[in-house]
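Here's the structure we're looking at; comments come further down.
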Amino acid sequence: MKAAGMPGRRAHARPRTARGWFRWATSIALSVCAAVAPAAAEDGYDLWLRYAQAGAERSAQAPRFEQLLAADATPAQRAIRDELLRGLRGLQGRAPALAERVDRAGALLVGTPHALPAIERLRLDLHDLGDEGYLIRSLRIDGHPATVVAANTDAGALYGAFALLRALQTGQDIAALDLRDAPRLRHRVLNHWDDLDRHVERGYAGQSIWDWHRLPGWIDPRYTDYARANASIGINGTVLNNVNADAQVLTPMYLEKVAALADTFRPWGIRVYLSARFSAPIEIGGLATADPLDPAVRRWWRAKADEIYAAIPDFGGFLVKANSEGQPGPQDYGRTHADGANLLADALAPHGGIVMWRAFVYSDEEPEDRAKQAYNEFVPLDGAFRDNVMVQVKNGPIDFQPREPFHPLFGAMPRTPLMMEFQITKEYLGFSTHLAYLGTLYEEVLRADTHVQGEGATVARVLDGSLHGQALTGMAGVANIGSDRNWSGSHFDQANWYAYGRLAWNPGLPARAIAEEWTRMTFGNDPAVVAPIVGMMMASREAVVDYTGALGLHHLMARGHHYGPGPWVEGGPRADWTSVYFHRATRDGIGFDRSRRGSDAVSQYAPAVAEVFDDPDRVPEELLLWFHHVSWDRPMASGRTLWEELLHRYDRGVASVRAMRATWAGLAGRIDPERHAQVAAFLAIQEQEAQWWRDASIAYFQSISGRPLPPGVAPPPHPLAYYQSLAFPHAPGDTQ
Ligand code: BDP
């Protein structure tokens, strides 16, 4: 990522000729414009690491770093030093001088006591910072004001360096710093759903960034920028390939490519992991079975792990999707998920690797209620997994819908480390064209109270291990990264990558604070820009919930590609892949009865939660139709009937998008034209599609409810059949 230079710093020599005068005057005029206008030609590649805007805004009196003391003996140390030089050059207008000792005001010391004697001499208390924490402190050294970023490891120093740059970028006062921070979760990983042919399942940002064909010979510089961006938000692991895995990635030819990526990421504290296909021993190993209890299968995985670690000594481990959506798994041999996970765990254990075994499972038989399956299959296995296994659980019991209750497995497996799986890519929230800030979704889930041990047993506390004393902790985010120049397909989708990383580091961070941080780093510190953008972001996810189906409705999207509305979807291979299975709308009412009188999914939650969810009068209205089948005429808190409330929410959602468009239009001239124009165009698409969701959904639900549209609710412009006839055979991101 290049840091844009400071505008208008060049001295202008006065010309002598008339033509020269004209050119001189024009160049002065242009440089004055450049000094006041927002930076031009922003294509989003620099993400939140632009290192420019805050510098342009900083006053000449602001303290500067004049000297940098940093070790450079290892690739990791050089990465830190170079990032600081790059960042400070952009932010301050000039880079600090590299120095070995402090001899003037404004020294910055970065590193570990071990690597940098100047830090060793400070005798700082680093004992509680662990392997990845850091402290940043303003102090005086030999009478000179200085700043130290210290840690026990290079990784900690790296995170500290990025935290310091963040403080500068967000316009914080750096004269009196005193920060200590360490990650609350140990494994903070991205899950790429990238296929080896560069197709990205549920990817809306172009192709996979992994150019497998040219690896390992060609190391795209983008890989380093990817690692920098991840390190800047604390991500320390990446699963390179799709959970619907191709066994080929475990062959020697691909492992060489994986090793090249691992080498590139290592200085940035990032380990690589791979999705392992459970039937790999058959497909690439020539065995007749993949039975986890078969000795030959066990030997095969051990040898495979040894082979991987010989090439990648810090390989992170395997992610596995087994016995889910047709993927092979231990149940094919009458074994359990624990048998399967432990097979791989045993192979990885001698090398320190872990298994992330997904709980997104459902059996081949049609379930009575798909929401109950993961709990039913996994709770009996609590305590049966090896120490180096984490069970990776999606945030809700169905599938990354715009709103779901928290997954009932959180809190229900006290003897098993559970890892959160969030979706960063917006499969169900408008692909990459809709503006939907997911920080609020993540926050809602992380703060949900499981009540498993009284009040305050939040999902975040299940994850950080404090609730049940787990040492192995983590979070996974399904990446939204692709080959698009702006990485995520849209400028605002970068915020979701950012928010995911910050919450994986500290699940207690407020979504609003993260949105503000990101906005400042991405669009600048002008309060007239920050406040409106943060306002848009904070309201955006609720808008999507409203225009796609509020009040606990879920799984209403079109079949297959999931683009656009499809509340009418029925038939096909499985009932639980249809919309009608989930909304259960009839002439009398709507909603999935998961109460004790229905599927009894409520009983998978702790009693204090179950009691609330079970009662249609107490369950939050946002989840009413998730847990209850109720009459269209049911009175709601607003005084409207349920039918009217649903209509109201559809209209409210569209109105929110319209309001976002107006806010954004008002920012013209304050944002660089390139990014402004693209966001404006995408918001126009979003408004159109929100309207489409609203119209199609109302047309459909009215055909079922038979209720009239109250005054003020516009009838859909087309008959239901029109919406049902729309087809999008090449919508992006579909499964192959
Ligand atoms: C669903 C996606 C599908 C994934 C699946 C999973 O539609 O493409 O393979 O999740 O998480 O949401 O395994």
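Taken over segment 445-477, the criterion of being β-branched (Val, Ile, Thr) and in contact with a Leu (Cβ under 9 Å, 6 or more places away or on another chain) is satisfied by THR450, VAL452, THR458, VAL459, VAL462, THR473. Within segment 249-262, can one find any residue that is within 30 Å of GLY160 (Cα to Cα), away from the ligand (no atom under 16 Å from the Cβ) and of a type in the set (Phe, Trp, Tyr)? Checked segment 249-262: no residue is within 30 Å of GLY160 (Cα to Cα), away from the ligand (no atom under 16 Å from the Cβ) and of a type in the set (Phe, Trp, Tyr).
Here LEU49 fulfils each of the conditions (1) more than 27 Å from GLU674 (Cβ to Cβ); (2) modelled with pLDDT of 95 or more apart from (1). For ALA227, are the conditions met, namely being more than 16 Å from the ligand (Cβ to nearest atom), at pLDDT 95 or above, small (Gly, Ala, Ser) and within 22 Å of SER324 (Cβ to Cβ)? No; evaluated as a whole, the condition is false for this residue. Can you tell me which residues in segment 645-683 are aliphatic (A, V, I, L, M) and touching a Lys or Arg at 6+ places or on another chain (Cβ under 7 Å)? Correct list: VAL654, LEU683.
Within the set ARG658, ARG670, the sole residue that is surrounded by fewer than 18 Cβ atoms within 10 Å (Cβ to Cβ) and either within 17 Å of ALA585 (Cβ to Cβ) or without any contact (Cβ under 8 Å) to a residue 60 or more places away in the chain (or both) turns out to be ARG658. Pull up segment 198-219, narrow it to residues that are aliphatic (A, V, I, L, M) and within 16 Å of the ligand (Cβ to nearest atom), then point me to the one that is nearest to HIS434 (Cα to Cα). Looking at the filtered set, the residue picked out is ALA205. You will find that of ILE209, ILE233, ILE270, ILE282, the residue that is of a type in the set (Val, Ile, Thr) and in contact with a His (Cβ under 9 Å, 6 or more places away or on another chain) is ILE209 and no other.
Give me the pairs, please: first residue somewhere in segment 561-578 and in a helix (DSSP H, G or I), second residue anywhere and surrounded by fewer than 20 Cβ atoms within 10 Å (Cβ to Cβ), beta-carbon distance under 7 Å, and either six or more positions apart or on two chains. Once the first residue is in a helix (DSSP H, G or I) and sits in segment 561-578, its partners that are surrounded by fewer than 20 Cβ atoms within 10 Å (Cβ to Cβ) give ALA575/GLU366; ALA575/TYR581; ASP576/GLU366; ASP576/PRO367.
Residues in segment 337-359 that are surrounded by fewer than 20 Cβ atoms within 10 Å (Cβ to Cβ) and either within 26 Å of PRO573 (Cβ to Cβ) or in contact (Cβ under 8 Å) with a residue 40 or more places away in the chain (or both): ASP339, ASP346, PRO350, HIS351. Note on segment 246-291: residues that are under 16 Å from LEU344 (Cβ atoms), of a type outside the set (A, V, I, L, M, F, W, C) and free of Cβ contacts under 8 Å to residues at least 40 places away in the same chain total 3. Run ASN323 past the list (1) within 16 Å of the ligand (Cβ to nearest atom); (2) at negative phi; (3) not basic (Lys, Arg) and report the number of the one that doesn't hold. The single condition ASN323 does not satisfy is (2).
Checked against the criterion of being in the same structural domain as TRP693 (by TED's automatic domain parsing), farther than 22 Å from HIS451 by Cβ and touching a residue at least 60 places away in the same chain (Cβ under 8 Å), the candidates HIS554, HIS583 yield just one match: HIS554. If you filter segment 685-713 down to residues that are polar (S, T, N, Q) and under 14 Å from SER656 (Cα atoms), you find that the one that is surrounded by the fewest Cβ atoms within 10 Å (Cβ to Cβ) is GLN688. For segment 149-172, the criterion of a residue being assigned to a strand (DSSP E or B), crowded, with 17+ Cβ neighbours inside 10 Å, touching a residue at least 12 places away in the same chain (Cβ under 8 Å) and on the phi < 0 side of the Ramachandran plot is satisfied by at least one position. Residues in segment 326-356 that are within 15 Å of the ligand (Cβ to nearest atom) and within 15 Å of VAL393 (Cα to Cα): HIS337, MET356. In the set (1) buried (at least 21 other Cβ atoms within 10 Å of the Cβ); (2) within 25 Å of ALA167 (Cα to Cα), the condition left unmet by GLY508 is number (1). Condition test on VAL534, is it in the same structural domain as ASP387 (by TED's automatic domain parsing), more than 16 Å from ARG50 (Cα to Cα) and either touching a residue at least 12 places away in the same chain (Cβ under 8 Å) or of a type outside the set (S, T, N, Q) (or both)? Here the answer is no, as VAL534 does not meet what is asked. In this structure, ASP493 qualifies as at pLDDT 95 or above and more than 20 Å from TYR159 (Cβ to Cβ).
A single member of LEU503, LEU509 is more than 26 Å from GLY653 (Cα to Cα), of a type in the set (A, V, I, L, M, F, W, C) and in a helix (DSSP H, G or I), and it is LEU503. When the helices (runs of 4 or more DSSP H) confined to segment 621-736 are screened for residues that are within 16 Å of the ligand (Cβ to nearest atom) and more than 22 Å from ARG541 (Cα to Cα), none reaches at least 2 such residues. Within segment 230-242, if we keep just the residues that are of a type in the set (Val, Ile, Thr) and more than 16 Å from the ligand (Cβ to nearest atom), the residue that is surrounded by the most Cβ atoms within 10 Å (Cβ to Cβ) turns out to be ILE235. Note on segment 255-283: residues that are within 24 Å of GLY217 (Cα to Cα), touching a helix residue (DSSP H, G or I) at 6+ places or on another chain (Cβ under 6 Å) and not in a helix (DSSP H, G or I) total 4.
The values are calculated or read from the model by the stated rules, or taken from the named source; none is laboratory data. Quick caveat, the model's predicted, so the values are computed rather than measured. Please note: Cβ atoms are built from the backbone with ideal geometry, for glycine as well, and neighbour counts cover all protein chains shown.
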